[in-house]
Amino acid sequence: MDHQTLTSPASAELRPQVFDSISKLLPKVLGREIPAMSEDMKLMSELGMRSASMLELLLEIEDDLEIQIEVEDIDDAAMTSVGDLADFVASHAITDG
Amino acid sequence: MLAAALPREVSVTAIEAVASYVPEQRVSVEDVAGRLGLTTMQTRLFRRFLGLAEIRLDPDGSLLDLLSAAVSRLAELRGREQLVRYVLYARAMPVVEPYPVNTLRELCGAFGLGHAVSCTVTHHACATGLLAVDVAGRLLAGDEDAGALALVLTGEKAFTRDAQYVPGTSIFGEGAAACLVSLHGARDRVLAYASSIRGEFDGRLDVLPEMASRFEKEYPVSLAEAIAAAVSQAGMSLQDIGLILPHNVNVLSWQRLCRRIGFPADRVLLSNVPVTGHAFCADAFINYTTAADRGLLRPGTRYLLAAAGLGATFSAMVVEH
């Protein structure tokens with residue numbers, strides 16, 4: 001997936017923060033360290049995440065970045081890699097402001 | 001493999017009447033989660049993302065109380081008890097009481113149905129309610145009395161951890177329904193039934209992570225296939241379906257499934273999910289009574305009952321009001 005396809009300026013601005021937040025929070029949700037976190041790392045097949053842990057991660061990101069994430073549109077493609085999830089969160093975030 | 005209902009010549013199973021009951025006591029998902037020992041995040045995702053807010057429980061009530069409350073609301077049964085030849089208790093859990101307790105027979109005795117053949121229908125987990133309607137139709141088709149009726153019951157007590165909670169997916173509450181089934185009835189005519197059994201998913205998903213991962217991937221695919229099979233068997237397309245009456249697993253999974261199959265999520269009756277939780281096999285029928293009360297079912301409305309059961313079974317039934 002091309003990670004440069006974000007269209008909204010606000011989403012594009014949020015995107016790096018989301019990736020940093022995922023990198024910080026994934027070890028907490030999974031309960032283990034993740035060496036060499038990358039955009040292409042596969043959430044389910046490599047990291048063993050399931051939908052429940054994915055939703056827990058989204059909650060942690062909401063708290064961390066003080067945003068709300070609209071999950072109604074989430075699909076398998078959005079949960080494939082770390083980068084895909086970062087794209088989804090950045091483009092489906094509603095900031096408190 | 002998808003199994004379709006066998007042709008029954010000209011007879012058509014009809015759901016003549018449905019009554020439902022949910023206990024008055026409301027319990028928040030936070031309270032349930034506290035009893036189950038869930039973490040804060042495990043708890044929050046139910047309300048925040050999955051659309052589950054509270055369930056109904058009757059902690060002092062028995063299984064007999066639960067089922068009786070539904071049967072007593074089935075006004076169409078009054079005065080027709082002698083016509084009822086079969087009483088089928090559809091349930092998700094195969095064992096719910098110790099020998100010699102027999103709630104079903106007690107209930108039959110209490111409602112003037114002691115003469116009826118009664119049995120449990122199970123092993124389709126939360127999809128067993130739809131199976132029981134199909135079985136009722138088959139039994140009636142083989143009965144020499146064309147006016148015979150069958151009573152299908154659903155409703156279970158959520159009394160153990162496994163019976164209350166599917167990790168990250170759903171929380172079970174108590175609720176019950178009673179359906180009067182006939183052949184040749186004017187309504188609601190069962191047009192098609194399709195069910196797929198995937199025995200490779202038989203196991204406790206919370207302790208079998210590899211199976212759980214495969215099940216998560218397979219769930220939407222198999223449920224979509226069951227829905228497509230039932231709709232096709234009815235000679236229709238999804239556009240002909242006015243309403244889906246779902247099992248109340250959670251809101252998000254139905255939103256995702258709707259996107260997959262191209263069906264508007266606002267035509268899936270999800271309004272009970274936040275207030276009842278997942279009531280085992282009873283959901284679709286409880287949702288039926290909600291739809292009827294709201295005037296969502298008009299003469300000719302074609303609707304679809306859909307349910308998935310752990311273990312795993314994926315079922316759909318197309319019905320015409």
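The values are calculated or read from the model by the stated rules, or taken from the named source; none is laboratory data. Source: prediction; values computed, not measured. Here the Cβ positions follow ideal geometry from the backbone for every residue, glycine too, while neighbour counts run over all protein chains shown.
Below, the figures for the structure above:
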| read-out | value |
| --- | --- |
| Extreme residue, nearest to residue B:212 (Cα to Cα), among residues of segment A:74-91 that are more than 9 Å from chain B (Cβ to nearest Cβ) and among the aliphatic types (A, V, I, L, M) | A:79 |
| Residue count for segment B:90-139, restricted to those that are farther than 26 Å from residue B:12 by Cβ and either free of Cβ contacts under 8 Å to residues at least 24 places away in the same chain or aliphatic (A, V, I, L, M) (or both) | 17 |
| Per-region count, segment B:287-321, residues crowded, with 24+ Cβ neighbours inside 10 Å, closer than 14 Å to residue B:243 by Cβ and hydrophobic (A, V, I, L, M, F, W, C) | 7 |
| Count of segment B:140-171 residues which are away from every other protein chain (no Cβ under 14 Å) and either buried (at least 19 other Cβ atoms within 10 Å of the Cβ) or not in a helix (DSSP H, G or I) (or both) | 21 |
| Top-ranked residue of segment A:11-38 - restricted to ones that are of a type in the set (Gly, Ala, Ser) and within 12 Å of residue A:90 (Cβ to Cβ), ranked as nearest to the chain's Cα centre (by Cα) | A:21 |
| Residue that is nearest to residue B:169 (Cα to Cα), among those in segment B:4-28 that are aliphatic (A, V, I, L, M) and modelled with pLDDT under 95 | B:4 |
| Residues of segment B:34-65 that turn out to be part of a helix (DSSP H, G or I) and touching a Phe, Trp or Tyr at 6+ places or on another chain (Cβ under 7 Å), as a count | 1 |
| Every residue from segment A:43-80 that is surrounded by 14 or more Cβ atoms within 10 Å (Cβ to Cβ) and in contact (Cβ under 8 Å) with a residue 40 or more places away in the chain | A:43, A:61, A:64, A:65, A:67, A:80 |
| 2 or more residues at pLDDT 95 or above, more than 30 Å from residue B:113 (Cβ to Cβ) and more than 17 Å from the chain's Cα centre (by Cα): qualifying helices (runs of 4 or more DSSP H) within segment B:172-286 | B:209-233, B:251-261 |
| Unmet criterion (only one of (1) under 21 Å from residue B:128 (Cβ atoms); (2) among the aliphatic types (A, V, I, L, M); (3) surrounded by fewer than 23 Cβ atoms within 10 Å (Cβ to Cβ)) for residue B:53 | (1) |
| Leading residue by the ranking (surrounded by the fewest Cβ atoms within 10 Å (Cβ to Cβ)) among those in segment A:15-37 that are within 14 Å of chain B (Cβ to nearest Cβ) and among the aliphatic types (A, V, I, L, M) | A:30 |
| Of all residues in segment A:39-73 being within 11 Å of the chain's Cα centre (by Cα) and assigned to a loop (DSSP other than H, G, I, E, B), the one that is nearest to the other protein chains (Cβ to nearest Cβ) | A:43 |
